[in-house]
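None of the figures in this text is laboratory data; all of them are computed from the coordinates on show. Since the model is a prediction, treat every value here as computed from it, not as a measurement. Virtual Cβ from ideal backbone geometry, glycine too; neighbours counted across all protein chains shown.
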Amino acid sequence: MLVSLKHILALGILVSSTSALASTYTADFSGVNSSNTSYSSFSYSVGGVNMTMTAWSDTENNLSNNDTELESGRLVRYGSGWGVVNQDESSGNSPDHSMDNMGNWVDFDMILVSFSEAVTLTGANFSWLYNTSQTEISVAAISGAVASGLGGSTWSDVVNSAGNMWSDSSHVSNYYAGINAGQTASQYWLVGAYNSIFNTTFSGGSTQNDGIKLSSIDFNVTSSDIPEPQTALIMAAGLFALILRRRKQIS
Ligand SMILES: [Ca+2]
Ligand SMILES: [Ca+2]
Ligand SMILES: [Ca+2]
Ligand SMILES: [Ca+2]
């Protein structure tokens, strides 16, 4: 067996370049066969990453436009996507049973996705849209403290808290919205109907016409288990030393 230094170095470079890539996953909810079933929370798992989803909307206090504090709602399956039925809505009404910002009271529905490890959301797909040309979504990466304190907070509190790691909005085109969170990784993500309070770079969205049903989420995991380039090179050097020693022993 001829193993040259060149081969070992090539192996090292291959390992190091592979390890720099994040693992990409799609949480595809379209296969969840539970149409018209409502949940206070729903757990899902893909590629060893677990996630728990809950629904939130600013519906606390009176039935009015002044009900700005958050309380939990219901996740409801319609067809192959998730809608949100908040405390001021009834499940039979469309588009209220979607994840929306429409209705008598301007309540902004969002889903909190709690992951078992830090991830970076990169996109979301929708199985249904109220409006195919003017739909936007808002997304935020938040700390665990903010996630566990949503009840009684306002969306403004969430955006302005120190635990807001990243937030912005994006257009939905062909039932897909890209999420450009860069390198931001978090265990806790909010995804929901467009709310301009989350805008950072985004502008041009329109509210009170957004209703969506979430069918899948794309995310990256940059695992600490993946060897760093330096580690890979040290491993390659160790392997080279081992082979040299064996060749010496043979000769
Ligand atoms: Ca709703
Ligand atoms: Ca509504
Ligand atoms: Ca409200
Ligand atoms: Ca809109």
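For the pair Thr37 and Ser91, label points projected 7 Å from Cα toward Cβ lie 1.1 nm apart.
Sorted by mean Cβ packing within 10 Å, highest first, what order do the peptides 208-219, 21-32, 63-74 take? Kindly include the intermediate steps, with their values, before the conclusion.
Values: 208-219: 23.3, 21-32: 14.9, 63-74: 17.2.
Answer by packing, highest mean first, reads 208-219, 63-74, 21-32.
Computed log10 I(q)/I(0) for region 27-122 at 0.16, 0.20, 0.23, 0.24 Å⁻¹: -0.67, -0.95, -1.15, -1.20, from the Debye equation with unit scatterers placed on every C-alpha and solvent omitted. A cut-off under 9 angstrom between Cβ atoms defines the neighbours of Val84, and their net charge, with Lys, Arg +1 and Asp, Glu -1, is -2.
Quick one: compute the contact order of region 23-221, relative version, from alpha carbon pairs under 8 angstrom and 6+ residues apart, as a percent.
Working: 562 pairs, mean separation 56.0, N = 199.
Relative contact order comes out at 28 percent.
Its alpha carbons considered, region 23-221 gives a radius of gyration followed by a Dmax of 15.0, 45 Å. Using the Cβ-Cβ distance between Arg246 and Leu21 with R0 = 35 Å, the FRET efficiency computed as 1/(1 + (r/R0)^6) comes to roughly 0.65.
How would Val119, Val106, Val172 line up from fewest to most surrounding beta-carbon atoms within 10 angstrom?
Values: Val119 28, Val106 15, Val172 22.
If I rank by nearby Cβ atoms, fewest first, I get Val106, Val172, Val119.
Within region 111-136, which residues have the backbone N less than 14 Å from the label spot 7 Å out from Asn180 along Cα→beta-carbon, could you tell me? Within reach of a label on Asn180: 122-123. When only the Cβ of Lys, Arg, Asp and Glu is charged (+1, +1, -1, -1), the dipole of region 23-221 relative to its Cα centre reaches about 520 debye.
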